[in-house]
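As structure tokens, the structure follows; a few thoughts come after it.
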Amino acid sequence: MLEIEELNKDTVYTLMKDMLYSFNYGWFLLKEEIKKRYPEDYDSEEVERLFEDYGSHAAERLSKILNVSDNGIDALIHLLMHSHWAVFENMEVEKLTEKSFRMSIYDCTAQSAARNWGMEYFNCWPSNFFVRKGFFQRINKNANVQRIFSPSQPRSEGVPKSISCEWLITIEE
């Protein structure tokens, strides 16, 4: 096992961040390979549940690590700001009301990788919807995730090209 105690803080941080990027790269490749080999199964309810479970598991672990037991909009934002999205993405979160916020991803790493590999874009819909749904509903079962836009969809007039996707998260009564 990695002997973290023997390393300085900057080295541990660099190692952990590099491992996260490696896992993210593997996730990207795995999703694309599954789409190619099993296109009819990729859009199945079973695969949707896998993505939801991934998001749910991430939220559960973060809640325990950060000792968050609240389930209001501020708790959702707090956990989001410590999630894998915050590690990988240039993310902006704007609290709109006591029951809603907008999540905007700028210059998405997956979109950048897709362009580097000659793809026009990486279609992260619907998988990333289900990851978000699982994440936020694990914290609050009344959480609702709505895609404002994502790659392959037209964006509203005036939305900067640097914004890769936007999501509205609400807590329904």
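The values are calculated or read from the model by the stated rules, or taken from the named source; none is laboratory data. Since the structure is predicted, the reported quantities are computational estimates derived from the model, not experimental observations. Using ideal geometry, Cβ is built from the backbone for each residue, glycine included, and neighbour counts are taken over all protein chains shown.
Please identify the pairs in which a residue from the range 30-45 that is on the phi > 0 side of the Ramachandran plot and without any contact (Cβ under 8 Å) to a residue 40 or more places away in the chain has its Cβ atom under 7 Å from the Cβ atom of a residue that is surrounded by 10 or more Cβ atoms within 10 Å (Cβ to Cβ) and among the aromatic types (Phe, Trp, Tyr), counting only partners at least 6 apart or on another chain.
Note: no pairs meet the criteria.
Of the numbered conditions (1) of a type outside the set (Gly, Ala, Ser); (2) over 21 Å from residue 114 (Cα atoms); (3) touching a helix residue (DSSP H, G or I) at 6+ places or on another chain (Cβ under 8 Å); (4) part of a helix (DSSP H, G or I), residue 51 satisfies every one except a single condition; which is it?
(2)
Give the range 13-40 a look and list any residue that's surrounded by 13 or more Cβ atoms within 10 Å (Cβ to Cβ) and among the acidic types (Asp, Glu), or say none.
32
From the list 104, 83, 150, 100, which residue is surrounded by 14 or more Cβ atoms within 10 Å (Cβ to Cβ), among the polar types (S, T, N, Q), under 30 Å from residue 15 (Cβ atoms) and touching a helix residue (DSSP H, G or I) at 6+ places or on another chain (Cβ under 9 Å)?
Numbers: 104 fails: touching a helix residue (DSSP H, G or I) at 6+ places or on another chain (Cβ under 9 Å); 150 fails: under 30 Å from residue 15 (Cβ atoms); 100 fails: under 30 Å from residue 15 (Cβ atoms).
Exactly one of 104, 83, 150, 100 is surrounded by 14 or more Cβ atoms within 10 Å (Cβ to Cβ), among the polar types (S, T, N, Q), under 30 Å from residue 15 (Cβ atoms) and touching a helix residue (DSSP H, G or I) at 6+ places or on another chain (Cβ under 9 Å), namely 83.
When the residues of the range 111-128 are filtered to those that are in a helix (DSSP H, G or I) and out of contact with any Asp or Glu (no Cβ under 9 Å at 6 or more places or on another chain), which remaining residue is surrounded by the most Cβ atoms within 10 Å (Cβ to Cβ)?
We begin by selecting, within the range 111-128, every residue in a helix (DSSP H, G or I); these are 111-116, 127-128.
Of the ones still in play, those that are also out of contact with any Asp or Glu (no Cβ under 9 Å at 6 or more places or on another chain) are 111-113, 115-116, 128.
Working: 111: 19, 112: 12, 113: 15, 115: 12, 116: 8, 128: 24.
Within the range 111-128, the match that is surrounded by the most Cβ atoms within 10 Å (Cβ to Cβ) is 128.
Quick check on my filter: what residues within the range 98-120 are touching a residue at least 24 places away in the same chain (Cβ under 8 Å) and either over 20 Å from residue 23 (Cα atoms) or of a type in the set (Val, Ile, Thr) (or both)?
98, 99, 100, 101, 102, 103, 104, 105, 106, 109
Check 160, 151 and return the single one that is under 22 Å from residue 35 (Cα atoms) and part of a loop (DSSP other than H, G, I, E, B). First the steps, then the outcome.
Values: 160 fails: under 22 Å from residue 35 (Cα atoms).
Result of the check over 160, 151: 151.
Tell me, yes or no, whether the range 56-63 has at least one residue that is of a type in the set (Ser, Thr, Tyr), surrounded by 12 or more Cβ atoms within 10 Å (Cβ to Cβ) and modelled with pLDDT of 90 or more.
Looking only at the range 56-63, we keep the residues that are of a type in the set (Ser, Thr, Tyr), and these are 56, 63.
The next check asks that each one be surrounded by 12 or more Cβ atoms within 10 Å (Cβ to Cβ); those that pass are 56, 63.
Right, trim to modelled with pLDDT of 90 or more and you get 56, 63.
Checked against the condition, which is being of a type in the set (Ser, Thr, Tyr), surrounded by 12 or more Cβ atoms within 10 Å (Cβ to Cβ) and modelled with pLDDT of 90 or more, the range 56-63 yields at least one hit.
Yes/no matrix, rows are residues, columns are (1) within 18 Å of residue 130 (Cα to Cα); (2) assigned to a helix (DSSP H, G or I); (3) under 18 Å from the mean Cα position of the chain (by Cα); (4) not small (Gly, Ala, Ser):
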{"position": "13", "(1), (2), (3), (4)": "no, yes, no, yes"}
{"position": "19", "(1), (2), (3), (4)": "no, yes, yes, yes"}
{"position": "27", "(1), (2), (3), (4)": "yes, yes, yes, yes"}
{"position": "56", "(1), (2), (3), (4)": "yes, yes, yes, no"}
{"position": "68", "(1), (2), (3), (4)": "no, no, no, yes"}
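Could you identify the single residue in 93, 159 that is β-branched (Val, Ile, Thr), modelled with pLDDT under 95 and either touching a His at 6+ places or on another chain (Cβ under 8 Å) or over 17 Å from residue 31 (Cβ atoms) (or both)? Full working, then the answer.
On the way: 93 fails: modelled with pLDDT under 95.
So the residue among 93, 159 that is β-branched (Val, Ile, Thr), modelled with pLDDT under 95 and either touching a His at 6+ places or on another chain (Cβ under 8 Å) or over 17 Å from residue 31 (Cβ atoms) (or both) is 159.
Listed residues 81, 91, 19; which is of a type in the set (A, V, I, L, M), without any contact (Cβ under 8 Å) to a residue 12 or more places away in the chain and at negative phi?
Working: 81 fails: without any contact (Cβ under 8 Å) to a residue 12 or more places away in the chain; 91 fails: without any contact (Cβ under 8 Å) to a residue 12 or more places away in the chain.
Selected residue: 19, the only one of 81, 91, 19 that is of a type in the set (A, V, I, L, M), without any contact (Cβ under 8 Å) to a residue 12 or more places away in the chain and at negative phi.
Out of the residues in the range 126-155 that are without any contact (Cβ under 8 Å) to a residue 24 or more places away in the chain and of a type in the set (D, E, K, R), which is farthest from residue 51 (Cα to Cα)?
Top of the filtered list is 155.
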